[in-house]
Structures are given as structure tokens and as C-alpha cells.
Amino acid sequence: MTLQAVPADTVDAELFRQLLRRHAAAVVVITAPGEPATGFTATSFTSVSLDPPLVSFCLAKSASAWPAVAAADTVAVHVLGQEQEHVARTFSTRGIDRLAEHGAWQPGPGGVPLLDGVLARLVCRVVDRVEAGDHTIVLASPLSGEHGLGEASTPLVYHSGRYVALDHGE
């Protein structure tokens, strides 16, 4: 399925980028099996449905991780803790083997890389891919999940073009 074309009278790209910087988003790393297996940092992850359980994320079709995600039946979503900015930066760096650079992971179901020490992790079956402009929306059904795998209890957040930690006023 392809989403309908956007009308020509929409906001320009720079204003759109500035507006979206006002939105805070949790930071995740999504991994996919393949040759080579890969992972990437995303802030587009969200829950979609409770019945049936569905989540989604978006990825540019031009991204280096796209071929692996496009072919994957299984992906893993890793919610990063506030002290894991270095992990987010590693998985958003271009031109490197991100999994080799990160190092702390094991193969999971279907060969999907599972990162160690994250706030939470979901292993998901891909159920659909929807073309949306220069990105693809990936819909996935969680098969298993774990939380409390690391020391963090607070998620890493991306806001206004930078990584930030939540202040719980403690």
C-alpha cells in the first residue's frame, strides 16, 4: 500500500523540521538480521494497537539499513536508557559497521541482533511495510519482550536536535 500524495501547499521542509524539533521522542535502536545484520537509531517508534499488539517505526528508503529491514521477517526494538547516548550515536553513525563498533550483542530469534543492557527490548515479526514519501512505515507484531536489562530506569529522549534526560524532580 502507498499513502496518497501530499498536497503541494504543505509547509516547506525547513519549517517542518523546526516544528518537529518541538516534539520529544524516546530513542530506540532497531536491529535486523541479514548479510550483514544491521541496526539504526530511530525516534519514530510508536505503539499502534493493543489488539492485536502492533508497533511501528519509519526508515528512509535511502538509509544504509534499509536493505536489511526490507528483507527482514524479524526485527528487534531496543529502548535506550538515559545513559546510553553513546549507543544512539554509534547506531546513527554512517559508514561504519555499527554492530561491530557497539560490540555488546548476541544473535536472537531468526538471527536478529539483541543489544545488551537496554531499558527494554521487543522482538517483533514484521507484518507490513507501507511506502510513505521518501520513507517506509514498518508495522510489526511483538513476539516477546523484556525490560530492566540495564541499570537505567529512565529513557533517553531526543528533543530540539539533541539527546536529553527526563527530570523527574527528584
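The values are calculated or read from the model by the stated rules, or taken from the named source; none is laboratory data. The shown structure was predicted, so the numbers you read here are calculated from the model rather than taken from an experiment. Cβ sites come from the backbone with ideal geometry, for glycine too, and all protein chains shown count toward neighbours. These area figures cover heavy atoms from the full protein model, side chains too; ligands, DNA and RNA do not enter into them. Shrake-Rupley method; radii C 1.70, N 1.55, O 1.52, S 1.80 Å.
So the values come out like this:
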| item | result |
| --- | --- |
| Per residue solvent-accessible surface (Å²) - the chain, probe of 1.4 Å | 58 |
| Over the chain: helical MRE at 222 nm, DSSP H runs n ≥ 4 each giving -39500 (n - 2.57), nearest 500 | -3500 deg cm²/dmol |
| Amide hydrogen neighbours beyond the local backbone of Leu156, cut-off 5 Å, H modeled | Val27, Leu80, Gly81, Gln82 |
| Distance between modelled label sites at Ala24 and Asp116, nm, 7 Å Cα→Cβ extension | 3.1 |
| Leading residue at positive end of dipole, the chain (Cβ point charges), from Ala76, His86, Ala65 | Ala65 |
| Over the range 67-135: Kirkwood hydrodynamic radius from C-alpha pairwise inverse distances, Å | 13.4 |
| Of the trypsin sites (Lys or Arg not before Pro) in the range 85-170, those whose Cβ has at most 12 other Cβ within 10 Å and which sit in DSSP loop | Arg94 |
| Largest to smallest accessible area among Glu101, Glu14 [probe 1.4 Å] | Glu101, Glu14 |
| Carbon and sulfur %, accessible surface of the chain computed with the full protein complex present, 1.4 Å | 53 |
| Computed lengthening from Glu35 to Asp97, 0.36 nm per intervening residue step minus Cα-Cα distance | 21.1 nm |
| 5 angstrom amide H check on Leu114, placed H, neighbours 5+ away | Gln106, Gly108 |
| Added length on full extension, which subtracts the Cα-Cα distance from 0.36 nm per residue, Asp73 to Arg162 | 28.9 nm |
| Test item: Cα-centred dipole of the chain, Lys/Arg +1 and Asp/Glu -1 on Cβ, debye | 200 |
| Exposure of Asp134 as accessible area (Å², to 10), given a probe of 1.4 Å and all protein chains | 110 |
| Simple spin-label estimate for Glu131 and Val11 in nanometres, 7 Å along Cα-Cβ | 2.6 |
| Segment Glu146-Asp51, length gained on full extension (0.36 nm per residue, minus Cα span) | 32.3 nm |
